[in-house]
Amino acid sequence: MGKIKKYWHISPVENKENILSEGIKCSEDGYVYMITSLEEGIDLFDVKVSMPDMIAFNQVFLNKYDLYEIDAEGLERKTQPDNVAEILPDLQKRVKQNVIQPKYVKHLGTFETNTKEVIIFIEYFQFLVFNSHLIINSKHDPIISEIRLVIDEQIKLKFDRMKEYQDNKSKNVKKIL
């Protein structure tokens, strides 16, 4: 496998102007987090979810996000694996760097997560992991249908969690100002 020439970074929409003018700044822990692929999506039977959607919704708690392409020439150090227990952790990297300069960053657009599909995917994946012995010889469509029946409550809980996270984040920013 050749050297990776591009990475992608997910960020809240409100960071766009700062990123375009000042670059991508590191998180509080000193790392910039990236993914190594924009695969068409993660496909598990009839549920497809893009990697950026999965990370935006499940790790960064964003319904709407901006996606940036990073030229690997802008990285000052070697990337390391991100320490995540998520699906496809091999595609998630981080670099210890204060800022990736704007000349190495390209804004690809603003996206909204396919929320329902992300949650169905996560729930179905967890079901497969924890109950794999139950479905070895069964059809998967009835399982997906059952998961879809309870998914609305899952979505409500996830949105409540995201709203609480965003509210707390806003309160902390106001305290600093």
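Values quoted throughout were computed directly from the atomic coordinates according to the rules given, and no laboratory measurement underlies them. Here the structure is a predicted model, which means the values were calculated and not measured. Heads up, the Cβs are rebuilt from the backbone with ideal geometry, glycines too, and the neighbour counts pull from every protein chain shown.
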Item to complete: Give the order of Arg94, Arg161 when sorted by the count of other beta carbons within 10 angstrom, beginning with the fewest.
Response: Arg161, Arg94
Fill in: Charge tally in the Cβ shell below 15 Å around Thr110, where Lys, Arg are +1 and Asp, Glu are -1, Thr110 excluded
-3
Practice prompt. Return Asp160, Asp53 ranked ascending by Cβ neighbour count within 10 Å, so the fewest neighbours appear first.
Written response: Asp160, Asp53
Worksheet item: Using the beta-carbon distance between Lys16 and Leu38 and R0 = 22 Å, what value does 1/(1 + (r/R0)^6) give for FRET efficiency, to the nearest 0.05?
Response: 0.75
Item to complete: Starting from the Cα of Asp90, step 7 Å along the direction of its Cβ; do the same at Lys6; then give the gap between the two resulting points in nm.
Response: 2.1 nm
Discussion item. Quick check: residue separation of Lys103 and Arg161 times 0.36 nm, minus the Cα distance between them. What number comes out in nm?
Written reply: 17.3 nm
Item to complete: For the stretch 104-111, just list the computed ³J(HN,Hα) in residue order, Karplus coefficients 6.51, -1.76 and 1.60, θ = phi - 60°, integers in Hz, with x standing in for Gly and Pro.
Response: 9, 10, 10, 6, 9, x, 10, 10
Worksheet item: What nm value, rounded to one decimal, do you get for the distance between Glu73 and Cys26 when each label is placed 7 Å out toward the C-beta?
Response: 2.4 nm
